[in-house]
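Written below as structure tokens is the structure these notes are about.
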Amino acid sequence: MATSTTGAVRYSTANVSKSDSAQSFSWESPVPVNEFWDSISYCPARNFLDNFTEQELASLPIDPDSTSPNEEKFSLLLHLFQEKFAKFAKEETTPPRTPDDHNRWSRLLQAIYTMQSELGQIDEAGKTIHLIVDNRSDRSNLAPMHMLADHLFREGKYAEAEATERPVCAWMDAHEKLGRDSPQAINARRIIARALWNQGATRRAEVEALVEEIKGIVEGMAPPGGRFAVYQEEERELNAAMMAELQAWEEDLK
């Protein structure tokens, strides 16, 4: 039986757990603290849980004390999603007609895409994300394009990933609930930076400029006035990880 989210929970970072206002961000949802979920990173766990009601979660064949390898856990979660999606698809057109049902359809597919990506099912994940993007009901919402850009990068299509992510980054910068210093907009810049780096030495100057821009944004996240200050520590760590990654790629070329 799956543990509900009424006991001890975690959020994307420890600092969010200490902030009621941060917990109200639309992308933050509680994830149970137990053996099953603790080995799974926050975003995949949240994506799964957000697609089920507390009543549904209580009936799922998930052992909260399971210490199985993550591959087995993700395979189970993907199977449960596919079952839920198949049941939903029997009742609706593809994509669904009403906005609410379309949103449910899209959320389920986004979560399926996440599980496929975690399992390294690149071809299947590609089909899923293209299905989402091609059937968007709101073309002004570029969030699915963000996922597509990340997928294109995984496929080694670096120029396509850059071209896809640049308008997403601009959209996030201008979004009233996000903005230039949001974790999402910063991550968009990291995707662009990695895509640029992998296009060769002629793009290195652009990478260096973008890395400095990202560092400046992160250092500016702190109060006063920083809506997303709770994420600053994590963003610094992600910057360090990106720099280490770029350095490792550079060494591999020598």
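When residue 73 is tested against (1) over 17 Å from the mean Cα position of the chain (by Cα); (2) open to solvent by 50 Å² or more (accessible area, probe 1.4 Å); (3) of a type in the set (Lys, Arg), only condition (2) is not met.
Considering each residue of region 195-205 in turn, none proves to be under 17 Å from the mean Cα position of the chain (by Cα), under 25 Å from residue 116 (Cβ atoms) and open to solvent by 30 Å² or more (accessible area, probe 1.4 Å).
Candidates 90, 84: the one that is in a helix (DSSP H, G or I) and in contact with a helix residue (DSSP H, G or I) (Cβ under 9 Å, 6 or more places away or on another chain) is 84. When region 223-241 is filtered for residues that are surrounded by 13 or more Cβ atoms within 10 Å (Cβ to Cβ) and not basic (Lys, Arg), the ones remaining, listed by number, are 226, 228, 229, 230, 231, 232, 233, 234, 235, 238, 239. Of the numbered conditions (1) open to solvent by 20 Å² or more (accessible area, probe 1.4 Å); (2) within 17 Å of the chain's Cα centre (by Cα); (3) of a type in the set (A, V, I, L, M), residue 191 fails exactly one; give the number of that condition. Evaluating residue 191 over (1) open to solvent by 20 Å² or more (accessible area, probe 1.4 Å); (2) within 17 Å of the chain's Cα centre (by Cα); (3) of a type in the set (A, V, I, L, M) leaves (1) as the failure.
A search for C-beta distances below 7 Å between a residue of region 233-248 that is under 20 Å from residue 18 (Cα atoms) and any residue that is among the hydrophobic types (A, V, I, L, M, F, W, C) and modelled with pLDDT of 90 or more, counting only pairs 6+ apart in sequence or on different chains, returns 235/186; 235/218; 236/218. The lone criterion from (1) of a type in the set (D, E, K, R); (2) buried (at least 16 other Cβ atoms within 10 Å of the Cβ); (3) more than 14 Å from the chain's Cα centre (by Cα) left unmet by residue 56 is number (2). Among residues of region 15-40 that are within 29 Å of residue 226 (Cβ to Cβ) and open to solvent by 40 Å² or more (accessible area, probe 1.4 Å), those with a Cβ under 6 angstrom from a residue that is in a loop (DSSP other than H, G, I, E, B) and not acidic (Asp, Glu), sequence gap 6+ or separate chain, pair up as 17/11; 30/5; 33/8.
For the subset of region 89-121 comprising residues that are among the β-branched types (Val, Ile, Thr) and open to solvent by 40 Å² or more (accessible area, probe 1.4 Å), which member is modelled with the highest pLDDT? Give the steps one after another, and end with the answer.
Restricting attention to region 89-121, the residues satisfying the condition of being among the β-branched types (Val, Ile, Thr) are 93-94, 98, 112, 114.
Of the ones still in play, those that are also open to solvent by 40 Å² or more (accessible area, probe 1.4 Å) are 93-94, 98.
Numbers: 93: 64, 94: 64, 98: 70.
Ranking the qualifying residues of region 89-121, first place goes to 98.
Name the single residue that is nearest to residue 105 (Cα to Cα) among those in region 41-51 being open to solvent by less than 50 Å² (accessible area, probe 1.4 Å) and out of contact with any helix residue (DSSP H, G or I) (no Cβ under 8 Å at 6 or more places or on another chain).
Here is the first cut: in region 41-51, the residues open to solvent by less than 50 Å² (accessible area, probe 1.4 Å) are 42, 44-49, 51.
Add one more test, that the residue is out of contact with any helix residue (DSSP H, G or I) (no Cβ under 8 Å at 6 or more places or on another chain), and what stays is 42, 46.
Values: 42: 22, 46: 17 Å.
Step by step, filter region 41-51, then rank; the result is 46.
Considering region 142-174, the residues that are assigned to a loop (DSSP other than H, G, I, E, B) and either aromatic (Phe, Trp, Tyr) or open to solvent by less than 60 Å² (accessible area, probe 1.4 Å) (or both) include one that is nearest to residue 106 (Cα to Cα), namely 142.
Taking region 101-115 as the range and being touching a Pro at 6+ places or on another chain (Cβ under 8 Å) and over 12 Å from residue 82 (Cα atoms) as the test, the residues that pass are 102, 104, 106, 114. Considering region 122-137, and only residues there that are open to solvent by 40 Å² or more (accessible area, probe 1.4 Å) and in a helix (DSSP H, G or I), the residue that is farthest from residue 77 (Cα to Cα) turns out to be 134.
The values are calculated or read from the model by the stated rules, or taken from the named source; none is laboratory data. Values in this document were obtained by computation on a predicted structure and should not be read as measured data. No Cβ is skipped: glycine too gets one built from the backbone with ideal geometry, and neighbour counts run over all protein chains shown. The accessibility values were calculated without ligands, DNA or RNA, using every heavy atom of the protein model including side chains. Shrake-Rupley method; radii C 1.70, N 1.55, O 1.52, S 1.80 Å.
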